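The structure appears below as structure tokens.
Bear in mind these aren't lab numbers, they're just calculated from the coordinates by the rules spelled out. Predicted, not measured: the structure shown is a model, and the values here were computed from it. Counting neighbours? That spans all protein chains shown, and the Cβs are built from the backbone with ideal geometry, glycine included.
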Amino acid sequence: MRIEPVIKVSKINHYYGTGQLRKQILFDISTEIQAGEIVIVTGPSGSGKTTLLTLIGALRSVQEGSLTVLGQQLNRANNKLLENVRKNIGFIFQSHNLLTSLTASQNVQMSLALHGGISKREAERKAQAILEMVGLGERVNYYPNQMSGGQKQRVAIARALVTNPSVILADEPTAALDKKSGRDVVEMLQYLAKQQDCAILLVTHDNRILDVADRIISLEDGFLTSSKNTSSNNSHRLASLKWELINHVEDLSLKDFLSLLQQVTGEFQSFLILIDNEATRKCLEEIIEAITLKITHLLQAERSTIFIVDDTPGNLWSKIVQSNRKKLLKVGITAHFGIAAHVSATRECLNIPIASQDYRYSPAIDEQTGYQTRNILCLPILNSQSKVLAISQVLNKIGNNCFDRKDEQLLGEFSQQISAIFDIWCHLQKLHKSSITGKH
């Protein structure tokens, strides 16, 4: 049995102006979009992208052809039917369109108020929940002028998704954002919309985000010039899993965290070739950061460090996470001095109650970061061939206590579970070095 598309466009033509000034904007456009599908529309300015978006969004009357959205024919539809269709669509625009006199929570609640039939308390609860999902749980009472461009776009996404729409229409949602904020926005939109099984139609000039699409439609001078599948289901699922992992790391139980991490690892391993590009490296770095943060909370430590063992002699590369989740610190040390270097060389597990009294302790990192180490638990992360891939190190048990045998066992079991992701990192490093060598 064929599943009916959420959006079905057939032989749509559209014109602006009248008489001699009448100009055709869209020519014989036909396409379909299924529930859960992400379709990106690209093309030069003036090609008809936004016109098509507003027709599908029931913001403009259909002139010629057939346009069915959520089972409703929009050609010759009356205002009441168009309004009902719009209530099931979430709109996201480049300029955010937030009301400056309202807080983030109140802006989101406005969307609920338009639907009616919901109490103020329930609207506040729903707004709080969706803002937490988009990473703004601590900014619900902030006004737009107190937020960055990326944060305002997150509010706009929360407003669009709070009513659980069946369709999301986004017009240049990343145009005003920097590279990282833009990427975060589309990955978050992708994850949340997939969770709700929305159909997403996204208009963009931003080539950096094309990889999130299931299908790309190209318009030029009002004609649909191409429609191609991106064959990127793996990357979609990976992005969705990664977003859930890094944004809910503190809330997830250890079992759920490891289950998600295993799925992420499986998605990486399902690629025939692991591609050495910036997006892949960034994805892996963010996952390693999430792992480091999880270790910090798991061991109730003030600080946690993952040292990546570089094949180049003499180097350990690290990411440090603090329990209060302040900005991550990056530190590089030599592999010849210090406790992490000793563990890398010997594969021992070291539990040191008073760091300053241990002959292997090097104060260089403390001097570099302005930190004071009291006690240390440090052990190697090994692959299946017992090669040291990384060093996991936690510092200063919270409450002026020391790490005990239970902590050693817990960190050891956790390290076994996470070793596969570091195997992937090492493989990527080899690919990266080979590509650099090949250029010289």
(request) Could you please rank H297, H115, placing first whichever residue has the fewest other Cβ atoms within 10 Å of its Cβ? (result) H115, H297
(message) Order these by the 10 Å Cβ neighbour count, fewest first: T225, T51.
(response) T225, T51
(request) For a footprinting-style exposure proxy, rank E37, E122, E286 by other Cβ within 10 Å, fewest first. (result) E122, E286, E37
(message) Which entries of K8/K80; K126/K152; K152/K179; K255/K294; K8/K49; K49/K180 have Cα-Cα distances beyond 22 Å here?
(response) K49/K180
